[in-house]
Amino acid sequence: MTVESDGAGGGDVRVYAIRFAHREASVRGEHFYGHDPCSESPFPIDYYVWLVVSGDRTVLVDAGFTAETARARGERHYLRSPMETIAALGSDADRVSHVVLSHLHYDHVGHVADFPAASVVLQEAELAFWTSRHAGRGEHARLADPAAIASLVRENFTGRVRLVNGDHEVVPGVTVHRVGGHTPGLQVTRVETAQGVVVLAADGTHFFENIEQDRPYGVVNHLPSMYEAFDTIRSLAGPDGVVVPGHDPRVRERFPAVPGLAGLAVRIA
Ligand SMILES: [Zn+2]
């Protein structure tokens with residue numbers, strides 16, 4: 001087991017990207033809006049959740065999917081549950097205080113029940129869409145996990161779900177911001193650390209290429225909002241901040257692996 005030190009002093013915040021699955025049988029054409037001249041080129045994708053440890057608060061951004069979901073959907077290679085990697089990082093799933101859900105696609109909601117003490121923070125507009133008359137239609141429906149959505153609706157009656165609108169402070173130094181674009185209520189998470197600002201963009205930019213080359217992702221709810229999301233993410237990060245995309249294997253090149261957890265966790269800050 002690897003346990004990273006808490007460091008010293010107030011303002012010590014640690015941020016990790018935890019890779020729990022990947023899919024190699026994936027091509028560029030799936031991932032970029034409009035025609036791509038290299039649409040058949042291989043373009044593997046990673047699946048992550050993100051852990052923010054701030055003093056005695058532990059915030060998880062997104063809840064991944066389960067090994068059963070990986071088997072049912074095929075092609076996805078499941079590495080290790082996020083809870084196991086969280087334990088290896090010296091935290092405990094039972095003590096995670098908040099789970100922020102960037103949006104309600106299946107690859108971001110699967111393990112909510114495995115964080116029993118956590119409040120769940122999501123945008124009201126996101127849950128509204130997935131309980132609307134359009135939820136079951138077309139491409140969007142293929143990306144849904146109806147059981148997870150039903151469970152969030154139920155948990156909204158227990159007080160565990162915190163539905164927010166727009167900007168919201170989760171814990172001091174950790175805020176969420178609705179951007180939309182990919183889904184109606186997609187939100188990104190901004191974290192202040194001693195090294196500077198980190199924006200956990202999730203599917204606000206799936207890959208570095210989306211935001212760095214202003215190239216929208218292939219699954220679009222509203223194109224102007226997706227461009228606006230890029231602008232909002234840039235301005236939340238500021239000139240010196242770091243933007244962490246939701247599905248990019250290059251995250252493992254741009255940030256250092258946690259010792260003992262190569263391929264499973266990188267340290268962002
Ligand atoms: Zn995703």
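The values are calculated or read from the model by the stated rules, or taken from the named source; none is laboratory data. It should be emphasised that the depicted structure is a prediction, and the values quoted were computed from it without experimental measurement. When we count neighbours, we look across all protein chains shown, and the Cβ atoms used for this are built from the backbone with ideal geometry, even at glycine. Accessible surface areas use protein heavy atoms only, side chains included; no ligands, DNA or RNA. Shrake-Rupley method; radii C 1.70, N 1.55, O 1.52, S 1.80 Å.
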Checklist entry - So is VAL109 crowded, with 20+ Cβ neighbours inside 10 Å, within 19 Å of the chain's Cα centre (by Cα) and within 13 Å of the ligand (Cβ to nearest atom) or not? => result yes
Item to check | Filter result (open to solvent by 40 Å² or more (accessible area, probe 1.4 Å) and modelled with pLDDT under 95) within segment 137-154 | outcome: ARG137, GLY138, GLU139, ARG142
Checklist entry - Within segment 208-257, which helices (runs of 4 or more DSSP H) (wholly inside it) include 1 or more residues that are open to solvent by less than 20 Å² (accessible area, probe 1.4 Å) and of a type in the set (S, T, N, Q)? => result 208-212
Checklist entry - Out of all the residues in segment 190-205, which are more than 14 Å from the ligand (Cβ to nearest atom) and touching a His at 6+ places or on another chain (Cβ under 8 Å)? => result ARG190
Next on the checklist: Just to be sure before I move on: is SER102 in contact (Cβ under 8 Å) with a residue 24 or more places away in the chain, over 20 Å from VAL258 (Cβ atoms), away from the ligand (no atom under 16 Å from the Cβ) and not aliphatic (A, V, I, L, M) in the structure I sent?
Outcome noted: no
Checklist entry - Does ARG95 qualify as being within 16 Å of the ligand (Cβ to nearest atom) and of a type outside the set (Val, Ile, Thr)? => result no
Checklist entry - Would it be correct to say that LEU89 is within 16 Å of the ligand (Cβ to nearest atom), open to solvent by less than 40 Å² (accessible area, probe 1.4 Å) and either within 21 Å of GLY204 (Cα to Cα) or not aromatic (Phe, Trp, Tyr) (or both)? => result no
Checklist outcome for this item: ALA70 passes all but one of the listed conditions (1) away from the ligand (no atom under 15 Å from the Cβ); (2) in contact (Cβ under 8 Å) with a residue 40 or more places away in the chain; (3) within 26 Å of ARG250 (Cβ to Cβ); the exception is number (1)
Checklist entry - Here are GLY185, GLY166: which of them is of a type outside the set (Val, Ile, Thr), assigned to a loop (DSSP other than H, G, I, E, B), within 16 Å of the ligand (Cβ to nearest atom) and touching a Lys or Arg at 6+ places or on another chain (Cβ under 8 Å)? => result GLY185
Checklist entry - Can you tell me which of PHE129, PHE157, PHE208 is modelled with pLDDT of 95 or more and either at positive phi or more than 16 Å from the ligand (Cβ to nearest atom) (or both)? => result PHE157
